[in-house]
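Working notes for the structure below.
The values are calculated or read from the model by the stated rules, or taken from the named source; none is laboratory data. Note that this is a predicted model, so its numbers are computed, not measured. We place every Cβ from the backbone using ideal geometry, glycine too, and count neighbours over all the protein chains shown.
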Amino acid sequence: MTEITRRGFAALVGGAAALPLFGTSFASAARTPRVVVIGGGFAGATFAKYLRRAMPTARITLVEPKKSYVSCVYSNEVVVGLSTLKPLTVGYAALAEAYGIRHVRRSAVAIDPVARRVTLSSGDKLPYDKLVVAPGMAYRYDALPGWNEETAALLPAAWHAGPETTQLAARLKAMPNGGTAIITVPPAPYRCPPAPYERASLFAWYLKRTKPAAKVLILDANETFPKQALFEEGWAKLFPGMVTRIPGSKGGAVQSVDAVAMRVVAGAGSFSGAVINIIPPQRAGDLATAAGLTDQTGWCPVDPRTFASKLVPDVHVLGDAAASGLPKSATSANAGAKVAALAIAKLFAGRPVTDPLFINTCYSRLAPDYAIGIASVFGVDPVSGAIVVRNTGTGTSPLGASLGYRKEEAEDADKWFRALMSDTFA
Ligand SMILES: Cc1cc2nc3c(=O)[nH]c(=O)nc-3n(C[C@H](O)[C@H](O)[C@H](O)COP(=O)(O)OP(=O)(O)OC[C@H]3O[C@@H](n4cnc5c(N)ncnc54)[C@H](O)[C@@H]3O)c2cc1C
């Protein structure tokens, strides 16, 4: 296969608006930095947009097979009928039109770090000077006996937003009054640490209204979880006796699942579920693994100042796929992408890169008018060089707050989500 030519590329790009950028051919591109971004999620899309601001003349190409992106953020609301996938879905037209990002609607299948070329699913090859890999996470289908590609259709994880979300919603709707909805939480790290507990809360909110004899059981491989006291306070206040959680030390780690018998075996025993939501163990997206960007943890080690891969030169890894020290969240993906955009612009210019500070804001909704939040500041530890949470500037919403306060937080959460989507994709 050949490198993508100007004409071949026109067949691949996402919109005519991208065409004015083809003022030069790849043959003359040596004079213009070529940056290829793989993955158009919160990390990749933010990076492409903010790199354009830092490098107005760079040739920036976004490789993303999907025409539009469906946000996992707010997808728990979809599972319980509080929202639909529509407001969570956004196209790439603004990135093309307003920022001159070329969208190639293909998957990246291989990286040649010596020739500095990406191979696309079409077989075409895309050259780069810097490559940014942001493919998100992938499920570990081999980690939990009984849960694999086939049984996942019966027990949807819904940890990728889209069809899985609607499948899980349908199962919850079909659940009888009186059964148990089981949510299994994998060992950290996994995408969005508080989201399983937000989901459990919204399950309880939904079941209390529609099937009040039903219960929610969380089988958790972990001992503690983010905003735990706030969640537990909310469960006691809003859905007393409905939510039970078994932590790792009490046998909460799931050992196997039977999709036909609808049973989950954990250290604490064997549990029957009317709905079983397996949130599986995770690792960096497939391309990261195939390209040798992952270590034994399944995630991609990076330099936290630039997000440069510690394993492959001239490749930077962003978002959930990176083992950066930041939480695997959309806010962190967005914040890290901005830091990486500035750092890469500085590297191209031969300027020094400074230590970053990151702010992660995280809201969780327990009911339509009841949300809790946490804001955390992360910085680079001068001794270890790793990203660590800073005690200063970090805080959670207070315990014992009024329902009015929680409603305000729910309204803030909505505003935060709209701002994040706009900052990333518009
Ligand atoms: C239920 C749930 C609720 C959540 N709630 C919140 C929240 O309230 N706040 C928050 O901050 N975060 C939340 N998150 C986490 C957030 O969704 C993720 O952290 C975020 O999506 C990570 O962004 P990313 O860009 O790394 O990956 P993704 O968003 O998954 O994007 C990856 C993109 O890469 C593309 N891709 C993959 N492989 C290839 C390839 N080979 N070639 C080309 N493209 C490829 C994919 O198609 C995808 O578009 C939630 C997650 C879940 C599951």
Top-ranked residue of region 318-339 - restricted to ones that are touching a Pro at 6+ places or on another chain (Cβ under 9 Å) and either of a type in the set (A, V, I, L, M) or farther than 25 Å from Ile38 by Cβ (or both), ranked as nearest to the ligand (Cβ to nearest atom)
Ala321
I want to confirm something. Restricting to region 343-376 and keeping residues that are surrounded by fewer than 19 Cβ atoms within 10 Å (Cβ to Cβ) and within 16 Å of the ligand (Cβ to nearest atom), which single residue is farthest from Arg199 (Cα to Cα)?
Ile359
Let me confirm something: among Ala157, Ala138, Ala169, Ala143, which residue is assigned to a loop (DSSP other than H, G, I, E, B), within 13 Å of the ligand (Cβ to nearest atom) and in contact (Cβ under 8 Å) with a residue 40 or more places away in the chain?
Ala157
Is it true that some residue in region 67-88 is outside the structural domain of Ala204 (by TED's automatic domain parsing), free of Cβ contacts under 8 Å to residues at least 60 places away in the same chain and under 24 Å from Leu293 (Cα atoms)?
no
One residue is enough: does region 191-208 have a residue meeting the conditions closer than 11 Å to Asn277 by Cβ and away from the ligand (no atom under 16 Å from the Cβ)?
no
Can you name the residue in region 55-99 that is basic (Lys, Arg) and away from the ligand (no atom under 11 Å from the Cβ) and, of all such residues, is nearest to Arg34 (Cα to Cα)?
Arg59
Is it the case, given these coordinates, that Lys49 is surrounded by fewer than 18 Cβ atoms within 10 Å (Cβ to Cβ), within 14 Å of the ligand (Cβ to nearest atom), modelled with pLDDT of 95 or more and not in a strand (DSSP E or B)?
no
Show the residue pairs meeting these rules: Cβ distance below 8 Å; 6+ apart or different chains; first residue within region 317-334 and part of a loop (DSSP other than H, G, I, E, B); second residue within 6 Å of the ligand (Cβ to nearest atom) and among the polar types (S, T, N, Q).
none
Here's a check for you: in region 265-303, which residue that is over 22 Å from the mean Cα position of the chain (by Cα) and small (Gly, Ala, Ser) is nearest to the ligand (Cβ to nearest atom)?
Gly273
Out of curiosity, is Ser201 farther than 23 Å from Asp142 by Cα, within 27 Å of the chain's Cα centre (by Cα) and either touching a residue at least 24 places away in the same chain (Cβ under 8 Å) or not in a strand (DSSP E or B) (or both)?
yes
Name the single residue, out of those in region 100-125 being of a type in the set (Val, Ile, Thr) and part of a loop (DSSP other than H, G, I, E, B), that is nearest to Val90 (Cα to Cα).
Ile101
Output for Cβ contacts, cut-off 8 Å, separation at least six or different chains, first residue farther than 17 Å from Arg365 by Cα in region 388-417, second away from the ligand (no atom under 14 Å from the Cβ) and not in a strand (DSSP E or B), reads Val388/Gly325; Val388/Asp381
Looking only at region 409-418, count how many residues are more than 12 Å from the ligand (Cβ to nearest atom) and loosely packed, with under 15 Cβ neighbours inside 10 Å.
3
